[in-house]
1. Consider Val245 carefully, then state whether it is touching a residue at least 12 places away in the same chain (Cβ under 8 Å), open to solvent by 40 Å² or more (accessible area, probe 1.4 Å) and among the aliphatic types (A, V, I, L, M).
2. Based on what the data block shows, is Phe223 open to solvent by 20 Å² or more (accessible area, probe 1.4 Å), assigned to a loop (DSSP other than H, G, I, E, B) and either charged (D, E, K, R) or within 30 Å of Thr70 (Cα to Cα) (or both)?
3. From the list Leu167, Leu174, Leu130, Leu187, which one is crowded, with 21+ Cβ neighbours inside 10 Å and either over 26 Å from the mean Cα position of the chain (by Cα) or in a loop (DSSP other than H, G, I, E, B) (or both)?
4. Which residues, taken from region 1-24, are part of a loop (DSSP other than H, G, I, E, B) and more than 20 Å from Val245 (Cα to Cα)?
5. Could you name every one of the strands (runs of 3 or more DSSP E) located completely within region 30-126 that has at least 1 residues being of a type in the set (Asp, Glu) and open to solvent by 10 Å² or more (accessible area, probe 1.4 Å)?
6. So, in region 191-208, how many residues would count as being in a helix (DSSP H, G or I) and surrounded by fewer than 21 Cβ atoms within 10 Å (Cβ to Cβ)?
7. Can you give me the number of residues within region 64-101 that are out of contact with any Gly (no Cβ under 8 Å at 6 or more places or on another chain) and over 26 Å from Lys273 (Cβ atoms)?
8. Search region 226-255 for residues being among the basic types (Lys, Arg) and assigned to a helix (DSSP H, G or I), and hand back the single one that is nearest to the chain's Cα centre (by Cα).
Amino acid sequence: MVSYGKTQKILNDIFDVPISVGTIVNHVAEFAEKAQPILNEIPIKLQEEAVLHFDETGNNVNGETQWLHTASSLGATYVTVHPKRGQAGMDDNGVLLGFGGVAVHDCWQAYFKYENCLHALCNVHLLWELEGVVESTGQGWAVWMIGFLFGVKGVVTRCKAEGLGVLPGCYVLLFLREYERILVLGLVENPLVVGVRKRSKARCLLDRFRLFGFEVLRFAWDFGVPFDNNLAERDIRCVKVKLKVSGGFRSVLGAKNFGKIASIIGTAIKQKKSAYNTISGILTGSILTISKHPTRLNSYVFFLLWSLTGF
């Protein structure tokens, strides 16, 4: 997380190792090169999972913004760096291109361009926006939706604790009807004004709930899908720490190598292996094996019920 200069000073002051910054840079580049076979394997393993988490965040590279993209599962982490935040950066990451499971992410529109997979929205992000609507407008539909989402989450948590694999049918119909009533109230509180093209923030959020209702509640229909996207956010937090500690990167190559190291260390930890032994093993020719974390999904049952309701 610290800069090359600070790393050089730490090694010199604590271990009395008179190493140059250039040598440290060369060691990082050597590791990134030797780690490439594992880095080629991680996306393939991720694409075999039933549920993946995706996120992106900007980082400072020599005064310009580069975007760090991450794809995460319970067993692996894959981090790449690209100049673009949207589809070009996601294509460069590559995982979404060949993924056929459920992609958990925020409501960034570029994710929905991937029709080869199903989608689930991070409800924590939605709750933040709902709270903003409540604070700024006090609208009842937003207050109701906050309580509704927490209520559904509580029911799902209890069902899982009782060993159930799916949500009981009585809850499915109950939740669908309440969700529809909330949206009806939202339309009453946010009518479209004739001649005004720009929608308010509250109306934009309401329309998102109307358009992506199944994706919002997928955690209820599929117990293998989580309520939030915290896994990806934890995996991407390392770049925020890096920015706070050292301010950013001096080159795109340095940023890309950071992503490669984050991928290796993150995957090793999830595989319950020593990060130190993994790094030293890669430098001496060892290979990190990656196991799969399968998750059973049940979307098709509830998608049928959703369709039959005419909602």
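The values are calculated or read from the model by the stated rules, or taken from the named source; none is laboratory data. These numbers were taken from a predicted model, which means no experiment stands behind them. Don't worry about glycine lacking a Cβ; one is built from the backbone with ideal geometry, like all the others, and counts go over all protein chains shown. With ligands, DNA and RNA removed, areas are computed over all heavy atoms of the protein, side chains included. Shrake-Rupley method; radii C 1.70, N 1.55, O 1.52, S 1.80 Å.
1. On the way: touching a residue at least 12 places away in the same chain (Cβ under 8 Å): yes; open to solvent by 40 Å² or more (accessible area, probe 1.4 Å): yes; among the aliphatic types (A, V, I, L, M): yes.
When the stated conditions are applied, Val245 passes them.
2. Here the answer is yes, as Phe223 does meet what is asked.
3. When all the criteria are applied, what remains is Leu167.
4. The answer is Asp16, Val17, Pro18, Ile19, Ser20.
5. Details: elements: 51-61, 64-72, 77-82, 102-105, 118-121.
Of the strands (runs of 3 or more DSSP E) lying wholly inside region 30-126, those with at least 1 residues that are of a type in the set (Asp, Glu) and open to solvent by 10 Å² or more (accessible area, probe 1.4 Å) span 51-61, 64-72.
6. 5
7. Summing the residues that are out of contact with any Gly (no Cβ under 8 Å at 6 or more places or on another chain) and over 26 Å from Lys273 (Cβ atoms) in region 64-101 gives 12.
8. Looking at residues that are among the basic types (Lys, Arg) and assigned to a helix (DSSP H, G or I), I get Arg234.
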